[in-house]
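Notes follow the structure.
The values are calculated or read from the model by the stated rules, or taken from the named source; none is laboratory data. Owing to the predicted nature of the structure, the values given are computational and were not obtained by experimental measurement. Heads up, the Cβs are rebuilt from the backbone with ideal geometry, glycines too, and the neighbour counts pull from every protein chain shown.
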Amino acid sequence: MIDVTKRLFNFEDGEVLLVNKPLGWTSFDVVNKLRYACGVKKIGHAGTLDPMATGLLIICIGRNATRRIDEYQGMDKEYTGTFFLGATTPSYDREKEPDRFFDIGHITPAQLQQAARTLSGSYEQEPPIFSAIKVDGNPLYIKARKGVEVEVKKRPVTIHEFELCSIELPLVHVRIVCSKGTYIRSIASDFGKQLQSGAYLYALHRTKIGNFSIENAWELPDLVKAVSPYKNMPQ
């Protein structure tokens, strides 16, 4: 039993917790796991990560914390990731199998750097059709899985930093700092097009949201264990 005078968490006042989302989990999976573990109904996350991505997820528990979700969602994000050159997938990542293949023999390090520079700054980005963006009240991915063609509106994004960390063709390892609403999958797709080839997102890890860092995040099993004793405890 927890000594209530030495509580780690105060869900009545609200808690903002950082979690390292595991591979294969949706952001909603993490929220549901923690909701069941701590017994608090008012809980949400501040910024979706795709199932194929890992890394920093901000979890807000309690009314005072969930009120700030929009604030956290609006913060810039930092990611590290890997692009696979020479192929594309319908989802722009590894969720779907490659459907087209391209030559990469002509690509030079200078061209890779130029592509990164071209995709830096502010521009209108086309989100992937396999995304949670809603059209007519339904997520795009539902229509995509049914094979329904949908016009996807471009959205303004800003790429503050686009660094090529290392090149091991067909893999290119990157670090990107970007604005709210940016799809790294779309950057990977556009990166391939800039090179007169194709590319998709092979791996992605979110490292920062504003000043929040993955270095201070809980591993999910550890956080579940830490909050579980609070279930059914008077707040």
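What the table below lists for this structure:
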{"item": "Single residue of segment 191-215 satisfying the filter (among the polar types (S, T, N, Q), buried (at least 16 other Cβ atoms within 10 Å of the Cβ) and over 18 Å from the mean Cα position of the chain (by Cα)) that is farthest from Asp103 (Cα to Cα)", "result": "Gln194"}
{"item": "When residues of segment 48-77 are limited to those that are of a type in the set (S, T, N, Q) and not in a helix (DSSP H, G or I), the one farthest from Gly181 (Cα to Cα)", "result": "Thr54"}
{"item": "Residue check for Ala188: modelled with pLDDT of 90 or more, assigned to a helix (DSSP H, G or I) and either surrounded by fewer than 17 Cβ atoms within 10 Å (Cβ to Cβ) or within 22 Å of the chain's Cα centre (by Cα) (or both)", "result": "yes"}
{"item": "The lone exception for Asp50 - which of (1) in contact (Cβ under 8 Å) with a residue 12 or more places away in the chain; (2) surrounded by fewer than 21 Cβ atoms within 10 Å (Cβ to Cβ) it fails", "result": "(2)"}
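Okay, residues lined up against (1) within 26 Å of Ser120 (Cα to Cα); (2) assigned by TED's automatic domain parsing to the domain that holds Glu215; (3) among the small types (Gly, Ala, Ser):
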position: Ile61; (1), (2), (3): no, yes, no
position: Ala65; (1), (2), (3): no, yes, yes
position: Ile69; (1), (2), (3): no, yes, no
position: Gly81; (1), (2), (3): yes, no, yes
position: Gly86; (1), (2), (3): yes, no, yes
position: Arg94; (1), (2), (3): yes, no, no
position: Phe102; (1), (2), (3): yes, no, no
